[in-house]
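Participant: This is the structure I have questions about; it appears just below.
The values are calculated or read from the model by the stated rules, or taken from the named source; none is laboratory data. These numbers come from a predicted model, not from an experiment. Here the Cβ is made from the backbone with ideal geometry for all residues, glycine too, and neighbour counts use every protein chain on show.
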């Protein structure tokens, strides 16, 4: 990814937010209960009782990891790809209805659009599911990146580095919003700044993230402030060397 070759992120330059990269499941839209329902239904066909800890293990994907987990728990000789295909098919059927945006998301989407800040969906979900969500929110996103668009999905940073490349901006000019341990780890690995929503899983430690319980009542100006404060701290560290 070419963003790895951009100017040193420890330089004494302050960057403004020019784009927001949204994780999808559990960050942008409330799809986690839908995933859980689809997983429960599929595994019930194999006599396996799908528990909350099973769902928690699968949060953040990517699909190959989830499919292999489903195959293991099923005790079946069917290939793991079959489980992935079945789960995706069930999700598409369930998401054919208007998906539910999580609290605070709509106002930030609107504020960013009005401010001329570009936006994208960056997800570890299958392309077909991501396209359904993107189509349900017309006019907000410049593009969407799915697990199908990178060789290595989250927790690899490649999807977010690709997003910055497609936006044609420095990684420090892109705000990443995530909610799962896998996704937050991917965002942090870029060296950019991550808003971590700690409502569903453990959050990794690091200095390039700000933790919020949800986006409810959060404004774009708040996110810009967290991003600016992070950069000031980095600049202080750089000048103190």
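Participant: Taking the stretch 145-172 on its own, how many of its residues are surrounded by fewer than 20 Cβ atoms within 10 Å (Cβ to Cβ) and assigned to a loop (DSSP other than H, G, I, E, B)?
Facilitator: Looking only at that region, the number is 6.
Participant: In this structure, does residue 124 turn out to be in a helix (DSSP H, G or I), within 20 Å of the chain's Cα centre (by Cα) and at pLDDT below 95?
Facilitator: no
Participant: Exactly one of (1) closer than 27 Å to residue 84 by Cα; (2) in contact with a strand residue (DSSP E or B) (Cβ under 7 Å, 6 or more places away or on another chain) is unmet by residue 166. Its number?
Facilitator: Condition not satisfied by residue 166: (1).
Participant: Could you check the stretch 48-62 and list, in sequence order, the residues that are more than 13 Å from residue 73 (Cβ to Cβ) and modelled with pLDDT of 90 or more?
Facilitator: Across the stretch 48-62, the qualifying residue is only 52.
Participant: Could you check the stretch 7-117 for helices (runs of 4 or more DSSP H) lying wholly inside it with 2 or more residues that are without any contact (Cβ under 8 Å) to a residue 60 or more places away in the chain, surrounded by 13 or more Cβ atoms within 10 Å (Cβ to Cβ) and more than 21 Å from the chain's Cα centre (by Cα)?
Facilitator: Answer list for the stretch 7-117: 32-44, 63-74, 80-94.
Listed here are the residues, each with its yes/no results for (1) modelled with pLDDT of 90 or more; (2) in a helix (DSSP H, G or I); (3) more than 15 Å from the chain's Cα centre (by Cα).
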position	(1), (2), (3)
187	yes, yes, no
196	yes, no, no
200	no, no, no
205	no, no, yes
214	yes, no, no
218	yes, no, yes
221	yes, yes, yes
231	yes, yes, yes
238	no, yes, yes
